[in-house]
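One structure is given here, and the rest of the page talks about it.
Please treat every number below as a calculation from the coordinates, not as lab data. Quick caveat: nothing in here was measured; it's all calculated off a predicted structure. Don't worry about glycine lacking a Cβ; one is built from the backbone with ideal geometry, like all the others, and counts go over all protein chains shown.
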Amino acid sequence: MKTLRHFSQVCLLALGALGATVASAQEFKIGFVNTDRIFREASTAKNAQAKLEQEFAKREKDLVDLGNTIKTASDKFEREAPTLSETQRNTRQKQLMDQDREFQRKRREFQEDLNTRKNEEQQVVIERANRAVKQVAESEKYDVIFQEAVYINPKHDITDKVIKSLNATAGK
């Protein structure tokens, strides 16, 4: 009998603790931000993308033109190779290889420069987005904001609010 009374007291304490936890959980306010949507939809991210495209458009066009020139020269060499002497064939083949190596080097440099600038611009967007998240969190009294999750109930998604805040500050 004594054991049963002790067990029921422990159960009552556990239920009381559970009730207190549930009550405090209702006061706990969480939110979620989808960073992919911010990079797709926020005007600061769109402006950064447009800036990069403008900045690298000429170099990209030059690379495409150089690649087409090398392709044309290679096709011409393939057609003329049977009629060329051994030394002419070797000389032109070496020239094509040198041009292709130079093209590959320029393409690598272009890609590295583009990636570096893209990372720089993304960092600016991330910093602004984090400030906007903090602003929304403080003004609406969120306890925690998540950026990555396996599943989020849409009622906790504050991405639209953050994008609106970002777009409002971008206009200033």
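A few points about this structure:
- For the stretch 53-172, the Stokes-Einstein estimate of translational diffusion at 37 °C and a viscosity of 0.692 mPa s comes to 170 µm²/s, using the Kirkwood hydrodynamic radius over alpha-carbon pairs.
- Farthest positive-ward along the stretch 68-161 dipole, Cα basis, beta-carbon charges - from I126, V150, S139: I126
- Residues whose amide H lies under 5 Å from that of K29, counting only those 5 or more places away or on a different chain, are D143, V144; hydrogens are built 1.01 Å from N in the peptide plane.
- Value of Rg/Rh across the stretch 27-72 [Cα atoms, Kirkwood radius]: 1.40
- Set K71/K118; K51/K161; K61/K94; K141/K161; K46/K118 screened for pairs whose C-alpha atoms are more than 20 Å apart: K71/K118; K51/K161; K61/K94
- In sequence order, calculated HN-Hα J values of the stretch 142-154 (Karplus, 6.51, -1.76, 1.60; Hz; x Gly/Pro): 7, 8, 8, 10, 9, 10, 10, 7, 6, 9, 9, 5, x
- Dipole magnitude for the stretch 60-172: computed about the Cα centre from +1 point charges on Lys and Arg Cβ and -1 point charges on Asp and Glu Cβ, it is near 140 debye.
- Within the shell defined by Cβ-Cβ distances under 11 Å, the residues around V136 carry a net charge of +2, with Lys and Arg each +1 and Asp and Glu each -1.
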